[in-house]
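Just below is one structure, and these are the notes that go with it.
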Amino acid sequence: DFDTPEGKAGGRGYATYRLRVLPGQAPPLALRVLHFATNYSLYVNGQHLRTEGRPAATPEDARPDRRPLVIDMPAAETLDIVIHVSNYHHRNGGFPRSLILGQKEALHAMRLNQIMLEVFLCGGLAMMCLYHFALFALRPQDKSPLYFALFCLLVTVRTAVLGERVLVDLLLPEDTFWLSHRLEYLSFYLSAPRFFAYARSLFPGPYFPAKSLQGFSIFFAAGCAGVLILPSFYYTQGVLLFQGVTILLGLHVLASGVYAALHRQRGSRVFLATFLLLFLAAINDILYSRMILQTGFFLALALFLFVFTQAFLLSRLYADAFRRVEELAVDLSNSERKYRHLVEDSGEVILSLAEDGTVLSANQAMKRILGYKPERIQGRKLGELLYEQSHSNLFLARHIFEQKKGDDIFRN
């Protein structure tokens, strides 16, 4: 917004900016365009240098676009810069971020460094996303890797459509404002409840109640419906409400994390320390998007650090689970040895039978007392064994059968 003779101008409409610069004998200059809403045409000394979108006096003729870049200025002792802008697709209009006029090499280096950082962050977050999807595929009963993978995916998408937007230009065709802009808002609205679900899967119980998750999910689902249904000029108006609710959600997670840490819930201290950094970065991004701060977007960088600490936390949980499995395997092996010692060294016949009387196993006393080798009687009915005539100890076998003849397990 800026003041006009009629009062304060809003974000909708069209306008012209004009600036005269006297660089003198300065080195080659360039203009850094960070963010604009939602189109412009740039002229310097009457020469047309750049057009993004299509500025117009009516919504029907205007076309939005978003592409940050560096525009080289012509060599002249006087620069008469004229920019025609229009906006019918966003709550803000014109240039919410200041244009930067400086040395050409320095501005191109600044943009290149920012591109490298964003590509690095997107690549790292994408790899962590795939890694946690793989963990979930291997153990689907544990939902925490799935929620964390979805959260990483959403932040990766949001990082790609903000900032320099290099990945968007590479992966999407021209004239994709409607898609990239909706992805920016959808990734924001979907990531907040997914993070709460991840925190709840790590610390189940009273720390993160299910009703809170349901309430946040319904609220942000309504925001997603608005993004998909309404024109961009209207759904951008309500972002302040969702940013406020996101801060409330962050405070909820922070308080629950403190509660879990006080009750010595495993991993809660690591989670709390790293989430505090992530929460502060989220607040910074919200204030930056509201043009209250002039810092920049830091959520992706903070998430990058958060991702690795959470990956360490999940790895430690999996290591503890694997260690517990090994301990149980050792206990089971010891129990099996004790069982075999008691059974095999017993002086009495010990059998394990199925419900229909089939012999599953027998100890060595079977051979000493009844004359059967244990492996020979496996899979046979006990009643058949007691009536074989070719073995000794037949009297004892018949005596045992007479005592048990009413038992159903001897029926063929």
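The values are calculated or read from the model by the stated rules, or taken from the named source; none is laboratory data. In this text the structure is predicted, and so the values were computed from the model without any measurement. Reconstructed Cβ throughout: ideal geometry from the backbone, glycine too, with neighbour counts over all protein chains shown. Side chains included, ligands, DNA and RNA excluded: accessible areas come from the protein's heavy atoms. Shrake-Rupley method; radii C 1.70, N 1.55, O 1.52, S 1.80 Å.
Solvent-accessible surface of segment 1-145, taken per residue with a 1.4 Å probe and all protein chains present: 54 Å². Couplings for segment 73-78, taken from phi via the Karplus curve 6.51 cos²θ - 1.76 cosθ + 1.60 with θ = phi - 60°, read 8, x, 7, 7, 6, 9 Hz in order; Gly and Pro are left as x. Over all orientations, segment 194-302 has a Cα convex hull whose mean projected area works out to 7.4 square nanometres.
Ranking of TYR198, TYR234, TYR147 by solvent-accessible surface, largest first: TYR234, TYR147, TYR198 (1.4 Å probe, protein heavy atoms only, all chains present). Taking all protein chains together and rolling a 1.4 Å probe, LEU101 ends up with roughly 70 Å² accessible. Taking the Cα centre of segment 28-148 as origin and assigning +1 to Lys and Arg Cβ atoms and -1 to Asp and Glu Cβ atoms, the resulting dipole is close to 400 debye. Each Lys or Arg adds one and each Asp or Glu subtracts one; over the other residues with Cβ under 12 Å from the Cβ of LEU31, this totals +3.
Efficiency by 1/(1 + (r/R0)^6): what FRET value for LEU69 and LEU138, r their Cβ-Cβ distance, R0 = 56 Å, to the nearest 0.05? Walk me through the numbers before you get to the answer.
Working: r = 44 Å, r/R0 = 0.78.
Given R0 = 56 Å and the Cβ-Cβ separation, E is 0.80.
The GluC sites (Glu not before Pro) of segment 97-175 that DSSP puts in a loop, and whose beta carbon has at most 12 other beta carbons within 10 Å, are GLU174.
How much net charge surrounds LEU150 when only the other residues with a Cβ under 12 Å from the Cβ of LEU150 are counted, with Lys and Arg +1 and Asp and Glu -1?
+2
Potential lengthening of the chain between HIS108 and LEU277 amounts to 57.8 nm, from the contour at 0.36 nm per residue minus the alpha-carbon distance. Of the peptides 189-196, 261-268, 30-37, the order by per-residue mean of other Cβ atoms within 10 Å, starting with the highest, comes out as 189-196, 30-37, 261-268. The stretch between ARG269 and ILE100, if pulled fully straight at 0.36 nm per residue, gains 56.6 nm over its current Cα-Cα span.
How long is the gain from PHE219 to VAL325 if the chain were fully straight, where each residue apart is worth 0.36 nm and the alpha carbon distance is subtracted? All intermediate terms of the calculation are to be shown ahead of the outcome.
On the way: separation 106, 0.36 × 106 = 38.16 nm, distance 4.08 nm.
34.1 nm is the gain from fully extending PHE219 to VAL325.
Applying 1/(1 + (r/R0)^6) with R0 = 56 Å to the Cβ-Cβ distance of LEU332 and LEU240, what FRET efficiency is obtained, to the nearest 0.05? Working shown, then result.
Numbers: r = 58 Å, r/R0 = 1.04.
The computed FRET efficiency comes out at 0.45.
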